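Have a look at the structure below, then the notes.
Bear in mind that the values in this text are calculations on the coordinates, not laboratory data. This is a predicted model, so every value here is computed, not measured. Here Cβ is always computed from backbone atoms with ideal geometry, including for glycine, and neighbour counts include all displayed protein chains.
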2 protein chains.
Amino acid sequence: MEEKKKIAAKWFTELQSMICDAFEELETELSTGPKADLTAGKFEKTPWDRDELDQPNNSGSDLHGGGTMTVMRGRVFEKVGVNFSEVHGTFSEDFATKIPGAKESNGEFWASGVSLVAHMQSPLVPAVHMNTRMIVTSKHWFGGGADLTPMYPDESDTAEFHGAFKECCDRHDPNYYPEFKKWCDEYFFLPHRNEPRGIGGIFYDNLDRKGWGADFAFTQDVGKTFKDIYCDIVRKSINKEWTDEQREHQLVKRGRYVEFNLLHDRGTVFGLRTGGNTEAILMSMPPEVKWP
Amino acid sequence: MEEKKKIAAKWFTELQSMICDAFEELETELSTGPKADLTAGKFEKTPWDRDELDQPNNSGSDLHGGGTMTVMRGRVFEKVGVNFSEVHGTFSEDFATKIPGAKESNGEFWASGVSLVAHMQSPLVPAVHMNTRMIVTSKHWFGGGADLTPMYPDESDTAEFHGAFKECCDRHDPNYYPEFKKWCDEYFFLPHRNEPRGIGGIFYDNLDRKGWGADFAFTQDVGKTFKDIYCDIVRKSINKEWTDEQREHQLVKRGRYVEFNLLHDRGTVFGLRTGGNTEAILMSMPPEVKWP
């Protein structure tokens, strides 16, 4: 398992770099609109180590390790965080009851992953979320997924996003796409609003089905698929003009994102309940939001 | 108990009216600054009935009753909601385990209260929260409190706010103020930020100590004390000039408010878990927020 942890963590850092490079490339492709005169954005990279954070761990869990927080505040990407982390420790007794295999490991766990949320300058370019992770307790599994949140859903974007993940899933198992799409629709739903968060995508967790190697290969494919399809979707709308009214709509819609992340998101809850780096976890919050 | 419910609910509507009147009065007292040319705000009042809401109850709890949502978007109060509600129903099985006396009532409950959150135009005027409520299961109790969130804490405001609630508490029991102030400090704390939400105030819950009449009298006093002291504090700073930098600081600080409300607030969780009126519950969200 130690070798597998190393391989997975190494992949997550590689994926982080590939995505950051691709997003920086998109920043250079803006040619019109109110933000075109700004300089193309670049990612800022901040490594962190839990033991050196000036932030007490009030979570009741014991946590060590760290990661790299990368954030870009650009002219296409208003705020995008792409975070890598590799942590280990002991869950609080209470939280351990909620995690598979944690009772049998006496709460000990290891986790590594990459997570990404992008909030865009243009209300015509969808926001997006992607996360892939490997977790080890007395069990081990992969989880993750990607989902798209357009402010104004566009049929062709929706079809292409779903199409790309269907192809990705089908390369590994014909049952994955219907199962993981459904899971995504159910998971990214705001019951108090009776609204889906966006147009969906795929979501999976506790994946330990075909052996570590095959499950890892699927998880890698999800990351690569995300990078390619999201860049295509951004590129299509990057130079469209937008109105102040569309921007207002975007700011309000972002409020739903905040509500979901703080009320329901597993990654946010996992991070905060284990005493993770708050700044990295809440990097997913939109730069500007309205609840008018 | 039926008579007591009526008396309490009537008081909560009276308190709502008194506060709305006092806040509309403050709107007329603005004479300088960037918002002085706007028209003084007035509250909009929207009665609602759970059974008539076009919003399915996905909470797993059964809920009936309703309330009055009043909101003002003014020139002093950027957004303030003062909500009254009186509801009854049956908690979901899961949620019933978390509420005193709900197991013995087979999940049946009644609740009424008034809750208020004010987000101000000026970063030099503190935001504030106040809530008082009566809840009945097989037990019955009062809860509530008030706490102040200045963007730039001011010693004299802090001293006056605490002084007013100390006097209020002392009129009922000399032990209340130290106990309820401590409870407030512990409750309005963001563990993931290691930050208090504001400068505190008082918080109490499950109050069933001196007989219903005395506990109700205390709860009434908390509401009246809040109205008077908060209006005094607003009045002191209403006409101070502020800078763009101070406004930015306010928008970021409001993010902490959102984090607390969605991650920790009992009222928000109670409302959403019982299938309350989402629009009324999330009226507490700030009109504009930044996570830069």
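If we sort A:109-116, B:280-287, A:11-18 on the protection proxy, mean other Cβ atoms within 10 Å, highest first, what's the order?
Values: A:109-116: 24.6, B:280-287: 22.1, A:11-18: 18.6.
Peptide ranking by packing, descending: A:109-116, B:280-287, A:11-18.
With chain B treated as a Gaussian network of Cα nodes joined by springs under 10 Å, which of B:Asn106, B:Asn131, B:Asn83 yields the largest mean-square fluctuation?
Highest fluctuation among the options: B:Asn106.
Where does chain A land at 222 nm, in deg cm²/dmol rounded to the nearest 500, when only DSSP H runs of n ≥ 4 count, each adding -39500 (n - 2.57), divided by all residues? Before the final figure, lay out each step's value.
Details: 8 runs with 116 residues, N = 292.
It comes out at -13000 deg cm²/dmol, rounded to the nearest 500.
Between copies, how close do the B:Asp173 label points come, placed 7 Å along Cα→Cβ, listed in nm from shortest?
Inter-copy label distances (nm, one decimal, shortest first): 5.7.
In the protein assembly as shown, how does Rg compare with the Kirkwood Rh, expressed as the Rg/Rh ratio over alpha carbon atoms?
Values: Rg = 25.1 Å, Rh = 25.6 Å.
That ratio equals 0.98.
To the nearest 20 debye, what is the magnitude of the charge dipole of chain A about its Cα centre, counting +1 on the Cβ of each Lys and Arg and -1 on the Cβ of each Asp and Glu?
Numbers: 35 positive and 47 negative charges, 49 e Å.
It works out to roughly 240 debye.
Given points 7 Å out from each Cα along the Cα-Cβ axis, report the B:Gln55 to B:Lys98 separation in nanometres with one decimal.
1.8
How far apart, in nm, are two points set 7 Å out from the Cα along the Cα-to-Cβ line at B:Ala22 and at B:Arg266?
2.3
Under a GNM of chain B (C-alpha, springs under 10 Å), which listed residue has the highest mean-square fluctuation: B:Thr158, B:Thr68, B:Thr243?
Taking springs between Cα atoms under 10 Å, the residue moving most is B:Thr243.
Let a ≥ b ≥ c be the square roots of the eigenvalues of the Cα gyration tensor of the range B:238-292; is it rounded (a/c under 1.5), or, if not, prolate (a/b larger than b/c) or oblate? Intermediate values should be presented prior to the final figure.
Details: a/c = 3.35, a/b = 2.32, b/c = 1.44.
Verdict is prolate for the range B:238-292.
Pairs to check: A:Lys139/B:Lys103; B:Lys42/B:Lys224; A:Lys42/B:Lys290; B:Lys4/B:Lys224. Give those whose C-alpha atoms are more than 28 Å from each other in this structure.
Numbers: A:Lys139/B:Lys103 36 Å; B:Lys42/B:Lys224 21 Å; A:Lys42/B:Lys290 21 Å; B:Lys4/B:Lys224 20 Å.
Pairs exceeding the cut-off: A:Lys139/B:Lys103.
Nearest 0.05, what FRET efficiency do B:Glu195 and B:Glu245 give at R0 = 22 Å with Cβ-Cβ as r? Don't skip to the end; give the middle numbers.
Details: r = 20 Å, r/R0 = 0.92.
Once rounded, the FRET efficiency stands at 0.60.
Can you give the local net charge around B:Asp54? Use residues other than it whose beta-carbon is closer than 14 angstrom to its beta-carbon, Lys and Arg +1, Asp and Glu -1. Write out the running numbers ahead of the final one.
Details: positive: A:Arg193, B:Arg50; negative: A:Glu195, B:Asp49, B:Asp51, B:Glu52, B:Glu279.
Summing Lys/Arg as +1 and Asp/Glu as -1 gives -3.
Once you average over the residues of B:279-290, how many Cβ atoms of partner chains fall within 10 Å of each Cβ? Before the final figure, lay out the partial values.
Numbers: counts 2, 0, 1, 5, 1, 1, 7, 4, 4, 6, 11, 5.
Partner-chain Cβ atoms within 10 Å, mean over residues of B:279-290: 4.
Starting from the amide H of B:Glu288, placed 1.01 Å from N in the peptide plane, find each other amide H under 5 Å away whose residue is 5 or more places distant or on another chain.
It is A:Trp291, by chain and number.
Which chain A residue sits with its beta carbon nearest the axis carrying A onto B, and how many Å away is it, rounded to a whole number?
With distances in whole Å, chain A gives A:Leu262, 2.
Please report the net charge: other residues with Cβ closer than 13 Å to the Cβ of A:Asp94, K and R +1, D and E -1. Could you put the intermediate results ahead of the total?
Details: positive: A:Lys98, A:Lys103, A:Arg273; negative: A:Glu93.
Around A:Asp94, the surrounding residues sum to +2.
Quick one: 3J(HN,Hα) in Hz for the range B:225-236, Karplus 6.51/-1.76/1.60 with θ = phi - 60°, rounded, Gly and Pro as x.
Working through the residues one at a time gives 4, 4, 4, 5, 6, 5, 4, 4, 5, 4, 4, 5 Hz.
Just subtract the alpha-carbon distance of A:Ile7 and A:Asp37 from 0.36 nm times their residue separation and send over the number in nm, one decimal.
6.6 nm
Mind checking Rg over Rh on chain B, alpha carbons, Kirkwood formula for Rh?
So for chain B, dividing Rg by the Kirkwood Rh gives 0.95.
Would you mind counting up the charge near B:Leu148? Only other residues with Cβ under 11 Å from its Cβ, with Lys and Arg at +1 and Asp and Glu at -1.
Values: positive: B:Arg197; negative: B:Asp147, B:Asp154, B:Asp157, B:Glu160.
That sum, taken over residues with Cβ under 11 Å, equals -3.
Along Cα→Cβ at 7 Å, what distances in nm separate the A:Asp37 label point from those on the other copies, shortest first?
2.4
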